[in-house]
1. Under 6 Å by Cβ, and 6 or more places apart or on different chains, what pairs join a residue from region 47-65 that is closer than 20 Å to Val288 by Cβ with one that is at pLDDT below 80 and not small (Gly, Ala, Ser)?
2. Scan Phe322, Phe284, Phe340 and give me the residue that is in contact with a Lys or Arg (Cβ under 9 Å, 6 or more places away or on another chain), of a type in the set (A, V, I, L, M, F, W, C) and under 14 Å from Asn234 (Cα atoms).
3. Show the residue pairs meeting these rules: Cβ distance below 7 Å; 6+ apart or different chains; first residue within region 328-354 and among the acidic types (Asp, Glu); second residue in a loop (DSSP other than H, G, I, E, B).
4. Can you tell me which residue within region 361-378, out of those that are among the basic types (Lys, Arg) and touching a residue at least 12 places away in the same chain (Cβ under 8 Å), is nearest to Pro341 (Cα to Cα)?
5. Ser400 - would you say it is modelled with pLDDT of 95 or more, buried (at least 17 other Cβ atoms within 10 Å of the Cβ) and polar (S, T, N, Q)?
6. In this structure, does Phe322 turn out to be surrounded by 14 or more Cβ atoms within 10 Å (Cβ to Cβ), at pLDDT below 95 and assigned to a helix (DSSP H, G or I)?
7. Where in region 134-252 are the helices (runs of 4 or more DSSP H), entirely inside, with at least 3 residues that are in contact (Cβ under 8 Å) with a residue 12 or more places away in the chain and crowded, with 23+ Cβ neighbours inside 10 Å?
Amino acid sequence: MILRIRSRDGTDRITVPDPASATVADLQRLIESHLTVPVPLQRLSLDPALLLPSPSAAVPLLANPAATLASLRLANGAFVYLAYPPDARSARPPPPKALSAAGSFGKKMTMDDLIARQIRVTRQENALCAVASFDRDAANAFQLYVAESLAFAVKRAGFLYGRVDAETKEVFVDFIYEPPQQGAEDVVHLMRDPDEEARVDAIAEGLGMRRVGLVFTQAVGRKASETGEYTMSNREVVQAAQLQAEGGIPEWITAIVKLEVGGDGTGDVHFEAFQMSEICVKLFKDGVLETEVGDTDDPRLSKMRKEVVAGGKDTMEVDNDFFLVPVKISDHQGLLSVGFPIENRGSPVGMSALRSHLDRTKHLNFVKWISDFHLLLKVATFLDVKADVPPLAACVKTQSRVPEGYQLLIESLASQG
């Protein structure tokens with residue numbers, strides 16, 4: 001049986017030796033052998049909508065490798081649609097040249113062929129996150145540091161942790177973790193520490209939370225664009241798309257904190273929240289979004305590695321605003337306090353910080369005293385990240401009695417300050 005495999009690179013024919021018993025897994029191996037697309041990178045469907053620029057999540061995939069082709073009612077000459085990242089077929093041989101009666105310029109293309117070869121960038125009207133609610137203390141601690149200590153002179157970033165309401169699609173940000181970083185006017189380099197992030201994730205697990213987004217500030221001296229104002233620069237688009245792709249949840253948010261100066265010279269700090277559009281994240285995953293940004297590039301425009309259709313025209317550059325989906329902002333008062341020194345802000349946080357925090361809050365019961373993410377992160381360096389950190393954080397979540405062993409350890413650490 002001959003099957004026609006349609007992808008965005010065209011149509012290939014594959015012969016299936018034993019169609020009566022062949023399975024989807026057999027077909028995938030034939031595709032890998034003939035088209036040089038590795039099996040893990042293949043997405044197969046009988047629905048041509050798989051090849052649209054932004055295919056719906058509802059497009060049915062051939063996800064069961066054990067399913068027989070006969071059960072799928074595939075006949076000789078049937079189409080199977082194949083999607084894969086742009087570079088997956090980098091080693092494929094060039095297709096044979098086909099001449100029509102009109103010569104090499106007369107090859108006919110159907111509308112399906114044109115759709116398969118185009119990447120369309122359109123605005124996403126609705127965010128997948130209904131509302132982003134920020135814990136007032138966490139948000140205030142972040143913006144105060146940027147305003148008073150950094151004076152918005154350089155960029156600063158943090159990972160947002162909290163909860164997602166599965167029914168309302170509302171995101172609650174309950175604490176902000178600031179990783180090691182180096183900020184400049186136009187870029188912030190995150191020097192991520194896997195061990196520290198593992199401790200952060202363990203604390204979040206015990207609190208019933210997870211990573212839900214990114215927050216960064218914009219410096220007052222950031223690079224201007226000759227083509228007009230912009231909300232997010234090309235560097236910021238790349239970083240936000242990368243982290244949203246890594247985040248793994250559809251409700252992932254990106255928050256921007258910036259200083260807006262009025263005509264009277266006074267400044268107001270503003271929080272804004274967005275999601276990067278689904279097509280933006282897909283362009284990043286597929287390697288179409290250019291990740292190397294030059295100093296002379298217009299910050300208002302994101303470069304592509306291949307031509308796309310945006311605003312009704314073929315282009316290699318896309319206005320960043322095409323990729324931004326605004327999200328409503330709200331606030332709430334969460335369970336955690338923010339009184340302990342915050343990590344990675346230049347000066348190391350020593351044991352004396354534990355002693356000072358204990359002296360300052362000794363009127364509180366013990367579980368209230370440790371109900372501070374930044375304190376838990378400091379204490380977690382002395383605990384087993386899997387066996388001890390989640391149970392300790394769970395006590396904070398439920399505001400229940402802390403086991404005596406943990407309490408003695410923490411008080412002993414504080415006494416060393």
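1. Qualifying pairs under 6 Å: Ala49/Pro55; Leu51/Arg8.
2. Details: Phe284 fails: in contact with a Lys or Arg (Cβ under 9 Å, 6 or more places away or on another chain); Phe340 fails: under 14 Å from Asn234 (Cα atoms).
Of Phe322, Phe284, Phe340, the one residue that is in contact with a Lys or Arg (Cβ under 9 Å, 6 or more places away or on another chain), of a type in the set (A, V, I, L, M, F, W, C) and under 14 Å from Asn234 (Cα atoms) is Phe322.
3. Final answer for the pair search is Glu343/Glu178; Glu343/Val349.
4. From region 361-378, those among the basic types (Lys, Arg) are 362, 368, 378; that's our starting set.
Filter again for touching a residue at least 12 places away in the same chain (Cβ under 8 Å), leaving 368, 378.
On the way: Lys368: 16, Lys378: 10 Å.
Here the residue is Lys378.
5. no
6. Working: surrounded by 14 or more Cβ atoms within 10 Å (Cβ to Cβ): yes; at pLDDT below 95: yes; assigned to a helix (DSSP H, G or I): yes.
So Phe322 passes the test.
7. 194-207, 234-247
Conditions tested, residue by residue: (1) touching a strand residue (DSSP E or B) at 6+ places or on another chain (Cβ under 6 Å); (2) in a helix (DSSP H, G or I); (3) modelled with pLDDT of 95 or more.
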position: Pro348; (1), (2), (3): no, no, no
position: His357; (1), (2), (3): no, yes, no
position: His363; (1), (2), (3): no, no, no
position: Val396; (1), (2), (3): no, yes, yes
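The values are calculated or read from the model by the stated rules, or taken from the named source; none is laboratory data. Treat the numbers as computed from the prediction; the structure is a model and nothing was measured. FYI the Cβ positions are ideal-geometry reconstructions off the backbone, even for glycines, and counts take in every protein chain you see. Ligands, DNA and RNA are excluded from the accessible area calculation, which covers all protein heavy atoms including side chains. Shrake-Rupley method; radii C 1.70, N 1.55, O 1.52, S 1.80 Å.
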